[in-house]
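Enquirer: Questions regarding the structure given below will be posed in turn.
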Amino acid sequence: MKPKKPQKKPLNKAIALSGAGLQMGLTIYLGFLLGKWLDGIFQVAFLKETITLLAIFLAMYSLIKQANKINE
């Protein structure tokens, strides 16, 4: 028989995810800045969009992992 894990209160879950929006926005913004900087360095026009898109995927992946970890 498995011992029961203590149930997390909904308020604790909300607090744990409260910074997720800020983290997502910061990740995407930093990806945008990195792409813009690399576009200037390499004199190309596609890195800003590509790295920003990768930052969006990374932010979503991170958010999903955090939400799954909290709901365990």
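Enquirer: Return the Rg/Rh ratio of the chain with Cα-based radii and a Kirkwood Rh.
Expert: Result for the chain is an Rg/Rh of 1.25.
Enquirer: Counting only heavy atoms of the protein chains, get the accessible area per residue of the chain (1.4 Å probe) and round it to a whole Å² value.
Expert: Each residue of the chain exposes 85 Å² on average to a 1.4 Å probe.
Enquirer: What list of ³J(HN,Hα) values in whole Hz, one per residue of the stretch 47-64 in order, does the Karplus curve 6.51 cos²θ - 1.76 cosθ + 1.60 (θ = phi - 60°) give from phi, with Gly and Pro shown as x?
Expert: Karplus-based 3J(HN,Hα) across the stretch 47-64 equals 6, 4, 5, 5, 6, 5, 5, 5, 5, 5, 4, 5, 5, 5, 4, 5, 4, 5 Hz.
Enquirer: Out of the total accessible area of the chain (probe 1.4 Å, heavy atoms of protein only), what percent is carbon and sulfur?
Expert: 70
Enquirer: Give the total of Lys-Lys pairs in the chain with Cα-Cα distances below 30 Å; include a pair only if its members are 8 or more places apart or on different chains.
Expert: 18
The values are calculated or read from the model by the stated rules, or taken from the named source; none is laboratory data. Just so you know, these numbers come straight off a predicted model, no measurement behind them. Only protein heavy atoms, including side chains, enter the accessible area calculation; ligands, DNA and RNA are left aside. Shrake-Rupley method; radii C 1.70, N 1.55, O 1.52, S 1.80 Å.
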